[in-house]
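Heads up, the thing below is written out as structure tokens.
We did not get these values from a lab; they are worked out from the coordinates using the rules stated. Predicted model only: the values in this text are computed from it and were never measured. Counting neighbours? That spans all protein chains shown, and the Cβs are built from the backbone with ideal geometry, glycine included.
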Amino acid sequence: MAEFLSLAQAIEANVKDGDAVAMEGFTHLIPFAAGHEIIRQKRKRLSLIRMTPDLIYDQLIGMGCAERMTFSWGGNPGVGSLHRFRDAYQNGWPNQIEIVEHSHAAMANAYDAAAAGLPFAVFRGYRGAELPRVNPSIKEVICPYTGEKLATVPAVKLDVAIIHAQKADRKGNVLLEGIVGVQKEAVLAARRSVVTVEEIVDELNPPSPNSVVLPSWTVKAVVQVPGGAHPSYTHGYYKRDNAFYKAWDEIARERDTFTAWMDENVLRKGPEVFAAHAKKVA
Amino acid sequence: MSQTFTPNEMMTVAAARALTNDDVCFVGIGAPSAACNLARHTHAPGIVLIYESGTLETRPNVLPLSIGDGELCETALTTVSVPEMFRYWLQGGRITTGFLGGAQIDRYANLNTTVVGPYEKPSVRLPGGGGAPEIATSCGQIFITMAHSKRAFVEKIDFFTSLGHGEGGDSRKKLGVTTKGPTKVITDLCVMEPDDKTKELTVVSLHPGVTKDQVIAATGWQIKFAPDAGETPPPNETELKVLRELHARTKAAHGGNA
């Protein structure tokens, strides 16, 4: 059953140095507040996994929390590059970071396989693409029924998944809505999971019997952090802060402006600052 | 025609025109998104737009900055998970046309969005392939939109992020790929199509006011021109009006440059 904890407690208990961590969210519901707590607790040597690492991984990498990143598209969507990731990868600042690179289809399938308890995923992919040359974990199998050559990738291996969601009820059941990405798969794939939510409610009232609901017993910790996805967004609550994504390009471009921003907005602050961004759309 | 327009507007309009009302389109951010939504607001109101974040039949009123903006989900018929999107909808062969772009392209429309320089020691580390490797092979056909320059249109791409026509000829078939691959490359200077046999990109029309010499100067290989290459019809008043309104709404919505 999910435990209700403070953000500091939830990260302290569930994220260890050297862990394989997925903080998922396909543009939507990105767990920024939880990422900031990891930075404040100075976790080291994390192996970060995510299809679309954006600003929160840029921040974790720039603050020296990571030693590896597994990804399929690493950028600031619609804006440009992740400057801190680039600086770490190309120049070793603040430390060298190793990459494991896939396509979206490969990672989506790898999460799906992990959630299903399979050792690897099989899909029609990577044909004529060069990634298999530089990523030795990409292999092939011959379909035993048709003879078709198909791509395989190992299932994602996760110590902990961290996601943000709309709400949880008092038992710790969690509801996700909107662009749900691979969050359900990530939670089911991980040994431990932390879910931050906008609200804790008496009744979950899923809008449909087919809504995406994670039962309490699949989640390790639930933490209420209103606004916890900002500058990403929470469908039904607040919009994506596209202006901040654009502003990040300048903030992260240079080491000193980045460090100053992190010091002022993360190291000297707590999760309560996110509440300013939480407002429910009528 | 007295109306003036920018090369970028011409590129978007030419890409929009290539789409039909019957297309089921896998849309990327940027120029493809503008082209697809322009088509939807003009000659192709029935076009189905799908974004890889999971939104099916989306009808955004403003262009998304990211592939997963709330606007896409709020205006979609339905939103599916990302594994379902890549497994059932893309791999399942339900997309007629995919849109791609890149940092580098070669004469066979192979694309690089991964690195400039060697993979292990790049001079520029780009965001990577994202959905492109499988979009390139699973969609019925591919349209490519890119700004035309010698830096982008190169003799040899630094990394094969996604397959175009490989080494030309029947390269795709040899790799077991049954879809058509790139059928049009639309730039801010011209429209190119692969030659029927060799699959080498050939200029089929030049945008108004653009000369062959300009295209030659902006291409890193000896670019070929179709014997009957003419002029791309300029954007009409409606196309420009709809496109500019779309950009104006987008700019207002995102608080800054769209």
Complete set of residues in region A:137-157 that are within 13 Å of another protein chain (Cβ to nearest Cβ), surrounded by fewer than 23 Cβ atoms within 10 Å (Cβ to Cβ) and over 27 Å from A:G18 (Cα atoms): A:E140, A:I142, A:C143, A:T146, A:G147, A:E148, A:K149, A:L150
Leading residue by the ranking (farthest from B:E134 (Cα to Cα)) among those in region B:77-94 that are surrounded by 22 or more Cβ atoms within 10 Å (Cβ to Cβ) and touching a strand residue (DSSP E or B) at 6+ places or on another chain (Cβ under 9 Å): B:T79
Cβ-Cβ under 8 Å pairs, at least 6 apart or on other chains, region B:166-186 side within 13 Å of another protein chain (Cβ to nearest Cβ), far side loosely packed, with under 15 Cβ neighbours inside 10 Å and acidic (D, E): B:G176/A:E148
Given (1) more than 14 Å from every other protein chain (Cβ to nearest Cβ); (2) of a type outside the set (V, I, T); (3) over 20 Å from the mean Cα position of the chain (by Cα), number of the condition A:G125 does not satisfy: (1)
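So, in region A:163-179, exactly how many residues are in a loop (DSSP other than H, G, I, E, B) and away from chain B (no Cβ under 11 Å)? I'd like the intermediate steps shown before the answer.
Quick first cut of region A:163-179, residues in a loop (DSSP other than H, G, I, E, B) only: A:170-173, A:177-179.
From what's left, away from chain B (no Cβ under 11 Å): A:170-173.
Result for region A:163-179: 4.
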Residue that is farthest from B:F143 (Cα to Cα) [pool: residues in region B:14-43 that are surrounded by fewer than 20 Cβ atoms within 10 Å (Cβ to Cβ) and free of Cβ contacts under 8 Å to residues at least 40 places away in the same chain]: B:H43
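Regarding region A:68-77, can at least one residue be identified that is within 10 Å of chain B (Cβ to nearest Cβ), in contact (Cβ under 8 Å) with a residue 60 or more places away in the chain and at positive phi? Step through it out loud before you land on a result.
Within region A:68-77, the subset within 10 Å of chain B (Cβ to nearest Cβ) is A:71-77.
Retained after the next criterion (residues that are in contact (Cβ under 8 Å) with a residue 60 or more places away in the chain): A:76-77.
From what is left, the residues that are at positive phi are none.
Checking region A:68-77: not a single residue is within 10 Å of chain B (Cβ to nearest Cβ), in contact (Cβ under 8 Å) with a residue 60 or more places away in the chain and at positive phi.
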Failed criterion for B:E52 (all others in (1) facing chain A (nearest Cβ under 8 Å); (2) closer than 26 Å to B:V154 by Cβ; (3) among the acidic types (D, E) hold): (2)
Search result, residues across region B:149-171 that are surrounded by 24 or more Cβ atoms within 10 Å (Cβ to Cβ) and either of a type in the set (K, R) or over 27 Å from A:V100 (Cβ atoms) (or both): B:F153, B:H165
Candidates A:V160, A:V134, A:V212, A:V223, filtered to the one that is out of contact with any Gly (no Cβ under 8 Å at 6 or more places or on another chain), away from every other protein chain (no Cβ under 14 Å) and either over 20 Å from A:L118 (Cα atoms) or charged (D, E, K, R) (or both): A:V223
